[in-house]
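A short reminder: the numbers here are calculations on the coordinates, not readings from a lab. Everything quoted here is computed from the prediction, not taken from an experiment. Cβ sites come from the backbone with ideal geometry, for glycine too, and all protein chains shown count toward neighbours.
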Amino acid sequence: MYMRIKLHRFIYSFPLQLFAMHFRSDLLLLALWSIIFSIAVGKIGGKYGLPYLFWAPEYLGEVNGLSFALVGFGFGVFAASWNLTVYLLSAYRFPFLASLRRPFAKFAINNFILPAIFVIAYLAMHIRFGIQEGLSANAIATDCLSFLFGLMSLITFISFYFYQTNKDIFSFLKIYKMPPPDLQSDSPPADIPEEAGKHQAFPRSWRVETYLTETLRPRLVRSVAHYDAQLLQSVFKQNHINMLIAQFFSLIVLAGLGSFMENPYFRLPAAMTIFLLASVFTALFGAISYWFHRWRFPVLILLLVLLNSLSRHGPLHHENHAYGLNYQTKPAPYTHQRLQALCSPQNMLADKLATQNILENWLLRRKVAGNEKPHMIIFCASGGGLKADLMAIEALRRADSLFQGNFTPQIVLMAGASGGMLGMAWYRELQWQKQKGLLPSETDEKLLYAAAQNLINPITTSIVTTDLFLPRIPFTYDDKTYYKDRGYAFEMQFNEYTGKAFDKPLNAYREAEQKALIPLLFITPSIVNDGRRLIISAQKTSYMMTAPINMTKPGLLDIDAVDFQRLFENQDAKHLRFSTALRMNATFPYILPNVLLPSSPKIETMDAGFRDNYGLKTAIRFIHVFKDWILKNTAGVVIVQVQSDNAQREIPSSANTGIVEGLFNPLGLATQITHLQSYEHDMNLGFLYELFPPEKIHFIRFIYQDDQKQKDKTPISFHLTRRNRQDIRSAFDLPINQKSFKRLQAILLKQ
């Protein structure tokens, strides 16, 4: 009998009953926990570096105790919001709570299982990660304790608030001047009644026999049948009002953070903002469920429809604009007729001759350097976040070192996508600053890699502040008004890292490119409307809009690209902020906002990688256009490609596919977009080898390969750890890349 009672008390303990209730009644909230848990333990999002945001959170450029304390505080906010919501929606199932002092505190303490599982798993993963990173035991312990300190700080704050505001049944008895009822002894009879902890006024209440107190000691639940139902309900009602006030106040505070975006102290660790975003969704779901109960899902759908309508035409409408362009003037017409006019034979010939003049200046400089017939180098870098950014910089640095600074001057064109373009643009900028005498010939390592520093914090902070609550905070650039969002936050941080080198118009590079002081750089974001590419350059490039045959046979082939300078000439195209052009090229969906341009209909642009992730489409078109000049004046073309992924990919199996999996298999091909591009590029490179003599065309590839012994792979992300950076730089020491350097030497030293 004694063992039976003990077992009953354990099974019907408040913590276990709450844990079971989540699987029965709180599946949406449980799904949110599952997503965050899966990210924090590295089960999802590993390719894009989401787990690293938790394992190595960065704040003010450092991963330390303060950054972990902030993440712990953020987790505390999420856990508190979740507890508030569950209490708001489910406290009535446990009427005995109303008879206890500090009912919410006891509810939260007994609702510890899910948060405890998360904390234990998260800290275990960080310890494992810290060991792999080579951190000392003291550093790992400091990180873990700092996380717990941040969590406890939030718990202390919340406890103080509810201690001051929440009322229990004893408070109401004093208010109504009623004597307390004759309470029964805590010791129950040997045979526990089936309705322990229940009340006849709460027919849907759950059976609970024991609960944990604030000192974590188990206590028996007393019957509340002798309490007046209205009195119990008054306790819950007053508690619920305090919950709603607390949640509303937290949303106001979160919205207010957006006003301090420029202050680096308010650019919170990305993991913290993920917790804050989850807490917002939890609070909103709880409030809607509380007020509308069984109608909550129709109301949620209605609110989403209303929100979509307001964001399209109403006060919440917000578009991300290209900073520097004029949106007040008449929009540029974007029609087939206009595109045909832009790439007319006359325009294509004029722009080709202008670029050919740049090539002549480049050739003259090479002859002065002692190369009568130099090799023309076209440098391409793939997309891939900061991984590609750092690879592009490192490849250029090593190549220049190999050729005593004589590699970059031989580059005629730089092309690529996303992160690779960030790295190339920064290295080109440094070379130009050296020529102007603004930098010494030997670049400081910190400055060299400045463009590859972590960028994720301002983006995620903006998502949960300005983008979510205040999407209409204005700012001025070039005497034009735009609005702040995560795109603005990205550029702000990137320009801070690079000393505002890119806080200038596109036209600032025009003269330097024309004199061949620096390579041409073609930025090629994808156009969402029709799939074409937008060619952004300091020069006019109508010859890049279609195949060269259209110069002699107009309209024979379709137009697959658009010259930005010509299309938006009347909308101040030359004043486009250069950092905005780079951002347009690196607009990975959801992380950064798509940019809408002043055209009719409006052009929407996104990441270049959706059309040309490797820059080869741009390179091949350029070579095709200037084939005759290249054959006459150079020793040939060397295409150097830096690729942030491995060309030799493991081939997955489609065997043993289930019925449900089979339904989605046809869609899987859409996820292979970069692989499909690679096959297409190889086919086009094959055509180049047919157009040029074998000795006149060379293709050299540098790739990144993960260490097979290393479980955690370097991600495609705007956040890299110290070990990630070391792995990327050391990738150029791999035999396959050293072989590529030797090939490069063999080709260029022949001239």
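For segment 8-55, the alpha carbon convex hull comes to 88 Å³ per residue, rounded to a whole number. Taking Lys and Arg as +1 and Asp and Glu as -1, the other residues whose beta-carbon sits under 13 Å from that of P598 total -1.
Diffusion coefficient (Stokes-Einstein, Kirkwood radius over C-alpha pairs, 25 °C, 0.890 mPa s) for segment 30-81: 209 µm²/s, rounded to a whole number.
For V562, the residues whose modelled amide H falls within less than 5 Å of its own, excluding neighbours fewer than 5 places apart on the same chain, are R533, L534, I535. Partners of K713 within straight-line reach, counting lysines whose Cα lies under 16 Å from its Cα and excluding those fewer than 8 residues away in the same chain: K43, K47, K387.
Each label was represented as a point 7 Å from its Cα along the Cα-to-Cβ direction; for D444 and T329 these points are 4.1 nm apart. Placing dummy labels 7 Å off each Cα toward the beta-carbon, the span from K713 to Q337 is 5.0 nm.
Sequence-ordered 3J(HN,Hα) estimates for segment 595-601 from the Karplus curve with 6.51, -1.76 and 1.60 and θ = phi - 60° stand at 9, 9, 9, x, 10, 10, x Hz, glycine and proline given as x.
Backbone amide hydrogens, once placed in the peptide plane, bring T465 within less than 5 Å of nothing, excluding anything fewer than 5 places away on its chain. Taking a Cβ cut-off of under 11 Å around S67, the surrounding Lys, Arg, Asp and Glu residues balance to a net charge of -3, with basic ones at +1 and acidic ones at -1. Multiplying the residue separation of A124 and Q745 by 0.36 nm and subtracting their alpha-carbon distance yields 218.8 nm. Relative protection proxy for 360-373, 322-335, 417-430, from highest mean packing down: 417-430, 322-335, 360-373 (other beta-carbon atoms within 10 angstrom). Packing, as the average of other Cβ atoms within 10 Å across residues, places the peptides 120-129, 581-590, 737-746 in the order 581-590, 120-129, 737-746, highest first. The phi-based Karplus calculation (6.51 cos²θ - 1.76 cosθ + 1.60; θ = phi - 60°) puts the 3J(HN,Hα) values of segment 487-492 at x, 5, 4, 4, 5, 4 Hz, whole numbers, x for Gly and Pro. Once backbone amide H atoms are built at 1.01 Å from N, N320 has L596 as its partners under 5 Å, excluding neighbours fewer than 5 places away on the same chain. Excluding L521 itself, calculate the net charge of residues whose Cβ lies under 9 Å from the Cβ of L521, where each Lys or Arg counts +1 and each Asp or Glu counts -1. For residues surrounding L521, the net value is 0.
The spacing between segment 601-619 and segment 419-496, judged by their C-alpha centroids, is 20 Å. Quick one: which of K500/K602; K480/K540; K330/K500; K553/K632; K574/K627 span more than 26 angstrom between C-alpha atoms? Correct reply: K500/K602; K330/K500; K574/K627.
Can you order the peptides 462-469, 80-87 by their average number of other Cβ atoms within 10 Å per residue, highest first? Don't skip to the end; give the middle numbers.
On the way: 462-469: 21.9, 80-87: 24.6.
Ranking, from highest mean packing down: 80-87, 462-469.
At full extension, D478 and Q705 could sit 77.4 nm farther apart than now, given 0.36 nm per residue minus the alpha carbon distance.
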